[in-house]
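Asker: The following block contains the structure, expressed as structure tokens.
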Amino acid sequence: MAGRRFVVEADGGSRGNPGPAGYGAVVRDADTGQIIAEAAEFIGHATNNVAEYRGLIAGLRAAHGLDPDASVDVRMDSKLVVEQMSGRWKIKHPDMQPLAAEARVVFPRSRVTYTWIPRERNKDADRLANEAMDAGRAGRAWEPKARPAAAAAQPAEEALPAPAAPRAGWAAPADLGSPTTFVLLRHGETALTPQKRFSGSSGSDPELSERGRWQAERAAEALVARGTVQAVVSSPMRRTRETAEATARRLGLEVRIEDGLRELDFGAWEGLTFAEAKERYPEDLDAWLASAKARPTGSTESLATLAQRTAVARDRIIARYAGRTVLVVSHVSPIKTLVRLALGAPPDAVYRMELSAASVCAVQYYSDGNASLRLLNDTSHLR
């Protein structure tokens, strides 16, 4: 039975190019023209083109959530994105390549077409992108003003549902097939790590230190010796990419970038120690420790929103590498969150886990939704 037909209109903008950026996307029923889903998000400091690609990805995902068998006509006023995604222009910029690759895997290529439209015909997506940027400037998450009945828009942070945790259970029966295994590797040390300074997605994006590179090589040796890693996925940040490349290089694999694995945005706390953040922003820090919905000073992201995007990244990786063992290189907050979700533990469980630099955790995911935590904070390869 053929799937539904959707029109996705997407846009993105940056006030400064690069500067504060956001995207917006709508999904319409192709027959009636009715908007049935909306998505928008402030994405921090980025270029127009990055924001446009993020809008495209969000629109495609919203359509996929409504009907994974649908056919989609994407309409955008970005000639660059339309021509690149149609295959007529090469994608040369390194920031665009992983985003285009991510957009291509949402639906089979045969079911997506791309059409350029003038800006005046893309007003709804443009409006949502500006709403998202306005929300980000005000230090809050975007929320829809008038949500359509069948919309699949991102909910307001105050109403965020808990990300779906895999169901609890013992080892899955054999008829469920091989599980998908995440080998979760925290990146090696940077200059900030030994000082225990906040180092998130909006900070300086430091490289690995000399010790961090040594740790990455020791982890790579141990992982290669096990002989089980079949794919490598990394956060886009420099320290994780460098850590991931140490293993990928030895195995002859490429490093696939997953934006949802990036560290939390720590806002004004970036570069500070816990004691310094406590001295300068005591009320904000106390609120953050007390509630998963609270955000670091100046950040647009809470642990609740991080859990949402981490769960989406998890599901996307599982779908792509079903039944295989994947090295997932990320940061403290996303890895702790993946472990927490696997255990079905409450949000404050992340404060009760130790996760050392270059440590390894392992989680297995079964086809019925069961998850099994197999390893936590293993540093034996560093001894």
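Asker: Under 6 Å between Cβ atoms, at least 6 apart or on separate chains: pull out the pairs that start in the range 117-132 with a residue that is assigned by TED's automatic domain parsing to the domain that holds Glu83 and end on any residue that is in a loop (DSSP other than H, G, I, E, B) and modelled with pLDDT of 95 or more.
Answerer: If the second residue must be in a loop (DSSP other than H, G, I, E, B) and modelled with pLDDT of 95 or more, the pairs left are Ile117/Asp77; Arg119/Asp77; Asn122/Asp77.
Asker: Suppose we keep only residues that are at pLDDT 80 or above and among the acidic types (Asp, Glu) within the range 129-155. Which one would you say is farthest from Asp77 (Cα to Cα)?
Answerer: Among those that are at pLDDT 80 or above and among the acidic types (Asp, Glu), it is Asp134.
Asker: Separate question: Going through the range 1-33 one residue at a time, which ones are of a type in the set (Ser, Thr, Tyr) and crowded, with 19+ Cβ neighbours inside 10 Å?
Answerer: Ser14, Tyr23 - these are the residues of the range 1-33 that are of a type in the set (Ser, Thr, Tyr) and crowded, with 19+ Cβ neighbours inside 10 Å.
Asker: Out of Ser302, Ser330, I need the residue that is touching a residue at least 24 places away in the same chain (Cβ under 8 Å), touching a His at 6+ places or on another chain (Cβ under 9 Å), surrounded by 21 or more Cβ atoms within 10 Å (Cβ to Cβ) and hydroxyl-bearing (Ser, Thr, Tyr). Which one? It would help to see each step written out before you state the result.
Answerer: Numbers: Ser302 fails: touching a His at 6+ places or on another chain (Cβ under 9 Å).
Among Ser302, Ser330, only Ser330 is touching a residue at least 24 places away in the same chain (Cβ under 8 Å), touching a His at 6+ places or on another chain (Cβ under 9 Å), surrounded by 21 or more Cβ atoms within 10 Å (Cβ to Cβ) and hydroxyl-bearing (Ser, Thr, Tyr).
Asker: Could you name every one of the strands (runs of 3 or more DSSP E) located completely within the range 231-333 that has at least 2 residues being outside the structural domain of Arg140 (by TED's automatic domain parsing) and of a type outside the set (A, V, I, L, M, F, W, C)?
Answerer: Once the strands (runs of 3 or more DSSP E) in the range 231-333 are filtered for at least 2 residues that are outside the structural domain of Arg140 (by TED's automatic domain parsing) and of a type outside the set (A, V, I, L, M, F, W, C), what remains is 325-330.
Asker: Condition test on Asp69, is it of a type in the set (D, E, K, R), over 18 Å from Trp142 (Cβ atoms), assigned by TED's automatic domain parsing to the domain that holds Pro20 and surrounded by 20 or more Cβ atoms within 10 Å (Cβ to Cβ)?
Answerer: Considered against the rule, which asks whether it is of a type in the set (D, E, K, R), over 18 Å from Trp142 (Cβ atoms), assigned by TED's automatic domain parsing to the domain that holds Pro20 and surrounded by 20 or more Cβ atoms within 10 Å (Cβ to Cβ), Asp69 comes out as no.
Asker: Now for a separate question. Quick check on my filter: what residues within the range 341-364 are farther than 18 Å from Leu382 by Cβ and either in a helix (DSSP H, G or I) or of a type in the set (Gly, Ala, Ser) (or both)?
Answerer: Result: Leu341, Ala342, Leu343, Gly344, Ala345, Pro347, Asp348, Ala349, Val350, Tyr351, Arg352.
Asker: Right, here's the next one. What number goes with the only condition from (1) in contact with a helix residue (DSSP H, G or I) (Cβ under 7 Å, 6 or more places away or on another chain); (2) within 12 Å of Tyr114 (Cα to Cα); (3) among the basic types (Lys, Arg) that Arg15 does not pass?
Answerer: Unmet condition: (2).
Asker: Picking from Arg88, Arg61, which residue would you name as being modelled with pLDDT under 95, more than 30 Å from Gly200 (Cα to Cα) and not aromatic (Phe, Trp, Tyr)? Don't jump to the end; show me each part of the working.
Answerer: On the way: Arg61 fails: more than 30 Å from Gly200 (Cα to Cα).
Criteria check complete, one pass: Arg88.
Asker: Can I ask one more? Which pairs have Cβ atoms under 9 Å, sit 6 or more apart or on different chains, and link a residue in the range 199-214 that is farther than 15 Å from Ser356 by Cα to one that is among the acidic types (Asp, Glu) and not in a loop (DSSP other than H, G, I, E, B)?
Answerer: Pairs that qualify, where the first residue is farther than 15 Å from Ser356 by Cα and the partner is among the acidic types (Asp, Glu) and not in a loop (DSSP other than H, G, I, E, B), are Glu207/Glu242.
Asker: Does the range 49-104 hold any residues that are under 22 Å from Gly260 (Cβ atoms) and of a type in the set (Phe, Trp, Tyr), and which are they?
Answerer: Tyr53
Asker: Which of (1) of a type in the set (Phe, Trp, Tyr); (2) within 20 Å of Arg352 (Cα to Cα); (3) under 24 Å from the mean Cα position of the chain (by Cα) is the odd one out, the single condition Trp269 does not satisfy?
Answerer: (2)
Asker: Only one of (1) more than 26 Å from Gly136 (Cα to Cα); (2) modelled with pLDDT of 90 or more fails for Arg320. Which number is that?
Answerer: (2)
Asker: In the range 47-59, which residues are buried (at least 24 other Cβ atoms within 10 Å of the Cβ) and not hydroxyl-bearing (Ser, Thr, Tyr)? Step through it out loud before you land on a result.
Answerer: Filtering the range 47-59 for residues buried (at least 24 other Cβ atoms within 10 Å of the Cβ) gives 51-56, 58-59.
Those that are buried (at least 24 other Cβ atoms within 10 Å of the Cβ) and not hydroxyl-bearing (Ser, Thr, Tyr): Ala51, Glu52, Arg54, Gly55, Leu56, Ala58, Gly59.
The values are calculated or read from the model by the stated rules, or taken from the named source; none is laboratory data. Quick caveat: nothing in here was measured; it's all calculated off a predicted structure. In this analysis, Cβ positions are derived from the backbone assuming ideal geometry, glycine residues included, and neighbour counts consider all displayed protein chains.
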